[in-house]
1. If only one of Gln49, Gln55 is without any contact (Cβ under 8 Å) to a residue 60 or more places away in the chain and within 18 Å of Glu31 (Cα to Cα), which one is it?
2. Residues in the range 85-93: is at least one in contact with a Ser or Thr (Cβ under 6 Å, 6 or more places away or on another chain) and assigned to a helix (DSSP H, G or I)?
3. May I ask you to list the residues in the range 98-125 that are in a loop (DSSP other than H, G, I, E, B), within 10 Å of the ligand (Cβ to nearest atom) and under 14 Å from the mean Cα position of the chain (by Cα)?
4. Identify all residues within the range 1-34 that are part of a helix (DSSP H, G or I), away from the ligand (no atom under 12 Å from the Cβ) and loosely packed, with under 14 Cβ neighbours inside 10 Å; write none if there are none.
5. Going by what's in this entry, would Leu85 be described as within 12 Å of the ligand (Cβ to nearest atom) and under 18 Å from Arg110 (Cα atoms)?
6. Scan the range 35-64 residue by residue and report those that are out of contact with any Phe, Trp or Tyr (no Cβ under 9 Å at 6 or more places or on another chain), part of a helix (DSSP H, G or I) and not small (Gly, Ala, Ser).
7. Condition first: away from the ligand (no atom under 12 Å from the Cβ), closer than 25 Å to Asp29 by Cβ and more than 13 Å from the chain's Cα centre (by Cα). Can you find one or more residues in the range 132-143 that meet it?
8. So how many residues does the range 37-78 have that are within 16 Å of the ligand (Cβ to nearest atom) and of a type in the set (Asp, Glu)?
Amino acid sequence: KHVYILNGPNLNLLGKRQPHIYGHETLADVERDCAALAAELGTQIRFLQSNHEGQIIDWIHEAREDGLGIVINPAAYTHTSVAILDALNTFEGPVIEIHISNVHKREPFRHHSYVSLRSDGVIAGCGTQGYQFGLRRVVTLTSGASA
Ligand code: DQA
């Protein structure tokens with residue numbers, strides 16, 4: 001099985017997109033760091049990005065068979081998508097929600113997350129390091145270790 005690391009819309013532009021908010025690292029940099037951590041932790045990842053809601057939902061369905069856990073940055077769909085919430089509710093393993101920026105420090109429409117109704121943990125405002133925290137958390141929660 002794999003830890004699914006799912007990224008929503010506009011995150012393909014990470015590093016170029018509003019770097020004062022999201023930093024200078026690219027999504028390829030994040031993938032590389034996650035792959036290195038996964039090797040260290042003895043787990044495997046699938047690192048994916050789409051600008052399309054339905055594609056993200058299809059990957060969540062794939063994770064129902066092949067997913068140890070899900071680390072997801074739903075990006076703007078966080079604040080709009082009942083469909084992604086419903087898909088995550090069909091998944092039985094741990095779900096950790098990631099936001100690179102501290103959404104609570106930003107516009108009020110970013111303060112509400114549909115996805116958080118399902119998330120076992122939420123990491124916001126820790127930059128791209130949040131992905132590594134999320135990956136570690138999934139491994140902790142699935143290794144039989146406590147809390
Ligand atoms: C984001 C925060 C969202 O509000 C925004 O729409 C994004 C990225 C983050 O990682 O900080 O696209 O999820």
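Coordinate-derived values only; no laboratory data. A quick note: this is a predicted structure, and the numbers were derived from the prediction, not measured. Every residue, glycine as well, gets a Cβ built from its backbone with ideal geometry; the counts of neighbours run over all protein chains shown.
1. Numbers: Gln55 fails: within 18 Å of Glu31 (Cα to Cα).
Of Gln49, Gln55, the one residue that is without any contact (Cβ under 8 Å) to a residue 60 or more places away in the chain and within 18 Å of Glu31 (Cα to Cα) is Gln49.
2. The initial filter retains those residues of the range 85-93 that are in contact with a Ser or Thr (Cβ under 6 Å, 6 or more places away or on another chain), namely none.
Taking every residue of the range 85-93 in turn, none turns out to be in contact with a Ser or Thr (Cβ under 6 Å, 6 or more places away or on another chain) and assigned to a helix (DSSP H, G or I).
3. Hits for the range 98-125 are Ile100, Ser101, Ser113, Gly125.
4. Kept after step one, since they are part of a helix (DSSP H, G or I), are these residues of the range 1-34: 11-13, 19-22, 27-34.
Now drop any that are not away from the ligand (no atom under 12 Å from the Cβ), which leaves 19-20, 28-29, 31-34.
Of everything in the range 1-34, those that are part of a helix (DSSP H, G or I), away from the ligand (no atom under 12 Å from the Cβ) and loosely packed, with under 14 Cβ neighbours inside 10 Å turn out to be Pro19, His20, Ala28, Arg32.
5. Details: within 12 Å of the ligand (Cβ to nearest atom): no; under 18 Å from Arg110 (Cα atoms): yes.
Here the answer is no, as Leu85 does not meet what is asked.
6. Scanning the range 35-64 gives Glu40, Leu41, Gln55, Ile57, Asp58.
7. Residues of the range 132-143 that are away from the ligand (no atom under 12 Å from the Cβ), as a first pass: 132-133, 135-143.
From the residues that got through so far, the ones that are closer than 25 Å to Asp29 by Cβ too are 132-133, 135-140.
In the following step, the residues that additionally are more than 13 Å from the chain's Cα centre (by Cα) were identified as 139-140.
There is at least one residue in the range 132-143 that is away from the ligand (no atom under 12 Å from the Cβ), closer than 25 Å to Asp29 by Cβ and more than 13 Å from the chain's Cα centre (by Cα).
8. 1
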